[in-house]
1. When you look at Ile77, is it at pLDDT below 90 and open to solvent by less than 60 Å² (accessible area, probe 1.4 Å), yes or no?
2. Residue by residue through segment 243-287, note down the ones that are polar (S, T, N, Q) and either out of contact with any Leu (no Cβ under 9 Å at 6 or more places or on another chain) or over 17 Å from Leu226 (Cα atoms) (or both).
3. Would you be able to tell me the number of residues in segment 238-249 that are under 17 Å from Ser78 (Cα atoms), open to solvent by less than 30 Å² (accessible area, probe 1.4 Å) and more than 17 Å from the chain's Cα centre (by Cα)?
4. Please work out which residue is surrounded by the fewest Cβ atoms within 10 Å (Cβ to Cβ), limiting yourself to segment 80-97 and to residues that are of a type in the set (Val, Ile, Thr) and within 18 Å of Ile108 (Cβ to Cβ).
5. Being in contact (Cβ under 8 Å) with a residue 40 or more places away in the chain, assigned to a helix (DSSP H, G or I) and open to solvent by 50 Å² or more (accessible area, probe 1.4 Å) is the filter here; which residues of segment 28-74 pass it?
6. Would you say Phe117 is of a type in the set (Phe, Trp, Tyr), open to solvent by 40 Å² or more (accessible area, probe 1.4 Å) and farther than 11 Å from Tyr180 by Cα?
7. Can you pull out the helices (runs of 4 or more DSSP H) entirely within segment 125-237 that have at least 1 residues that are loosely packed, with under 14 Cβ neighbours inside 10 Å and touching a residue at least 40 places away in the same chain (Cβ under 8 Å)?
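The values are calculated or read from the model by the stated rules, or taken from the named source; none is laboratory data. Keep in mind it's a predicted model, so treat the numbers as computed, not measured. No Cβ is skipped: glycine too gets one built from the backbone with ideal geometry, and neighbour counts run over all protein chains shown. Surface areas here come from the heavy atoms of the whole protein model, side chains and all, with no ligands, DNA or RNA. Shrake-Rupley method; radii C 1.70, N 1.55, O 1.52, S 1.80 Å.
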Amino acid sequence: MNYLRRFSREKQIWLLSLPIILWVLLFAYFPMYGLIIAFQNYIPGQTLFGNWVGFDNFIRFFQEPDFWMIMRNTIVISLLNLCIGFPAPIILALLLNEVKNRAFKKTIQSLSYIPYFISWVVVASILFTLLGSDGIINDLLQRFGFIQEPILFLGEGKYFWAIITSGNLWKEIGFSSIIYLSAIAGIDREQYEAGRVDGLGRFGLVWHITLPGIRATIVLLFILALGGILNAGFEQQLLLGSPTTRDYHEVIDTYVYRFGVQLGNYSYGTAVGLMKSLIGLTLVVLANRLSKRLMQTSIF
């Protein structure tokens with residue numbers, strides 16, 4: 001009965017949300033019935049309810065010679081994105097919030113947002129132009145006498161993690177900072193006035209008022225980021241990677257694409273993808289439970 005009364009009070013909001021709910025059900029939940037092929041030896045054209053193999057596809061992944069290499073690359077790239085890419089938008093939002101010149105602030109915001117809307121195909125072309133053996137950076141380094149031979153930035157695996165992390169940061173930092181800027185805008189201005197009266201400087205205001213004011217937002221986004229810890233990327237690895245850098249660029253998503261889709265091992269690819277999703281869900285639940293216990297903040 002409580003749910004019915006609540007629905008009656010909020011029926012207009014539910015009606016507005018109805019198209020989105022239907023979209024999610026149709027495109028996010030309805031296709032999930034296909035996950036059953038992870039437990040089968042599925043062949044296209046045959047029934048979805050035959051050739052059951054149990055957990056063989058999952059066990060096969062753990063027994064693959066490349067398993068540890070794939071997991072290492074996935075976890076390292078994800079951790080780099082988390083450790084560098086997660087705090088960077090917060091820092092940018094804090095810095096932009098301190099800018100008093102509105103025209104300059106809007107310009108920086110616009111410039112930082114633009115890369116998010118550039119596809120990875122274009123970004124990859126830019127990186128090849130900059131970092132290729134005959135690219136701009138190698139040309140400048142040779143002209144100024146720093147190197148004699150071009151450096152194979154995109155041809156040697158030891159540079160790949162730094163390049164991919166920098167590319168992700170460049171694309172995401174501006175757009176991600178919007179959320180934190182919105183949270184900062186919601187902080188009561190009177191708190192800043194009271195802080196100034198108490199003698200807090202600009203750093204003190206940020207540390208004692210701004211950061212605590214957006215703590216809930218930071219915690220919630222961090223929990224969601226943990227859920228994607230195994231989402232190390234796909235397009236960027238596929239576009240920037242090469243056979244010479246495979247030991248550094250191959251991650252779970254590219255592995256599923258190559259061995260599950262290109263080679264037609266649909267059941268195997270589905271099993272690996274399902275395993276990755278279950279690990280992400282587990283991390284979200286655990287992080288949410290910990291956050292709820294320590295900070296009284298949770299996403300559900």
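1. It is false that Ile77 is at pLDDT below 90 and open to solvent by less than 60 Å² (accessible area, probe 1.4 Å).
2. Of everything in segment 243-287, those that are polar (S, T, N, Q) and either out of contact with any Leu (no Cβ under 9 Å at 6 or more places or on another chain) or over 17 Å from Leu226 (Cα atoms) (or both) turn out to be Thr244, Thr245, Thr254, Gln262, Asn265, Ser267, Thr270, Thr282.
3. Residues in segment 238-249 being under 17 Å from Ser78 (Cα atoms), open to solvent by less than 30 Å² (accessible area, probe 1.4 Å) and more than 17 Å from the chain's Cα centre (by Cα): 2 in total.
4. Ile91
5. Matches in segment 28-74: Leu35, Phe39, Arg60.
6. For Phe117, the condition - of a type in the set (Phe, Trp, Tyr), open to solvent by 40 Å² or more (accessible area, probe 1.4 Å) and farther than 11 Å from Tyr180 by Cα - is met.
7. Result: 202-205, 215-227.
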